[in-house]
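All remarks here apply to the structure that follows.
The values are calculated or read from the model by the stated rules, or taken from the named source; none is laboratory data. This structure is a prediction, so every number in the text was calculated from the model and none was measured. Here the Cβ positions follow ideal geometry from the backbone for every residue, glycine too, while neighbour counts run over all protein chains shown.
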């Protein structure tokens, strides 16, 4: 039994070209460090780096079309997977940031049960420092002063969580 591949329609070719161009735009939005960690052919990498320097709209659009044309010559699946991993990591960071903000706000509002939970869950957390930061942040809020201690509390909670994650990762 012989299979014949049907030629792509003109509409499908245009759609594919547009998809590759959008994939290239996602690459251009990444930081230089994120790009370095991806396995991208050198020609595509150079085109993406150059696109980051372009200021004029027309020139940028043409560069995106060029990147789309380059992307048609390679297998985009590895790039798509790498982009998904990066974007998923950004999502997790944002979610963790919101969780820490929520904890900080609850502590300032007087949730002492959360304070105990944090100390139990993260043994490296210093009870005295944590309670002092919470007390100072509460006073700042009551006196309508700038949230200096509140920011310090946020940083301390984040540091405690990161230290616990580092210990957990090194134990594996």
Among the candidates 100, 49, 120, residue that is loosely packed, with under 14 Cβ neighbours inside 10 Å and within 23 Å of residue 153 (Cα to Cα) = 120
Do we find that residue 64 is surrounded by 15 or more Cβ atoms within 10 Å (Cβ to Cβ), modelled with pLDDT of 90 or more and in a helix (DSSP H, G or I) in this structure?
-> yes
Unmet criterion (only one of (1) assigned by TED's automatic domain parsing to the domain that holds residue 140; (2) in a helix (DSSP H, G or I)) for residue 123 = (2)
Qualifying residue in region 55-66 (condition: in contact (Cβ under 8 Å) with a residue 40 or more places away in the chain, out of contact with any strand residue (DSSP E or B) (no Cβ under 8 Å at 6 or more places or on another chain) and not assigned by TED's automatic domain parsing to the domain that holds residue 147) | yes
Please indicate, with yes or no, whether at least one residue in region 87-107 is outside the structural domain of residue 38 (by TED's automatic domain parsing), touching a residue at least 12 places away in the same chain (Cβ under 8 Å) and over 23 Å from the mean Cα position of the chain (by Cα).
-> yes
